[in-house]
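Report on the structure given below.
Just so it is clear, none of the values below were taken in a lab; they were calculated from the coordinates. Note that the coordinates shown come from a computational prediction; the quantities given were computed from them, not determined experimentally. Neighbour counts run over all protein chains shown; Cβ positions are idealised from the backbone, glycine included.
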Amino acid sequence: MKSATTRMICRLLVVSLMLLPFQSVQAGMIGTEQVAALASAQSDRAGVMNIIGRADVSSQLQALGLDAATAKDRVAAMTDDEVRTLAGNLNSLPAGANSGWAWAVVIVLAIALYLYWR
């Protein structure tokens, strides 16, 4: 009896191994470039999310008719290349409303006042 049960279980295992799908797992090394690209993409995405979360930016988005939550959802749906481009554009913008002309006007006025009082 034990022999018949053992043969039946063995046959069942052989058939199940042949018919049921199984996956083999392979481990491999990943390159430094892949890790750096992933970390860079995550930091860019976090930076854009932080900018969208600021009060002045969210109020400007509201004025343009876009909810901040919707903007965050759209950034989350972007690819890594799109987020990298957006983060690069945001980082290249000037901080504040000053331009190069304001300094030139101040310098010209300072020189004019110096020459006037001299």
What dipole magnitude, in Debye to the nearest 20, does the chain give about its Cα centre under +1 on Lys/Arg Cβ and -1 on Asp/Glu Cβ? 580
Tilt of helix 32-53 relative to the longest C-alpha principal axis of the chain, in degrees (0 to 90, nearest 10)? 50
Calculated from the structure, volume of the Cα convex hull per residue in Å³ equals which of (i) 93; (ii) 132; (iii) 240? (iii)
On a 0 to 90° scale, report how tilted helix 2-19 is relative to the longest principal axis of the chain, with both axes built from alpha carbons and the result rounded to the nearest 10. 40
To the nearest 0.05, the calculated FRET efficiency linking ALA55 and ALA76 through their beta-carbon distance, R0 being 25 Å, is 0.75
When the charge dipole of region 31-90 is computed with +1 on Lys and Arg Cβ and -1 on Asp and Glu Cβ about the Cα centre, the Cα farthest towards its positive end, among THR70, ALA46, SER59, belongs to SER59
Against the longest principal axis of the chain, how steep is helix 100-117, in degrees 0 to 90 to the nearest 10, with axes from Cα atoms? 20
Theoretical ellipticity at 222 nm over the chain - DSSP helices of four or more residues, -39500 (n - 2.57) apiece, nearest 500: -25000 deg cm²/dmol
For region 31-90, projected area of the alpha-carbon convex hull averaged over all directions, nm²: 4.0
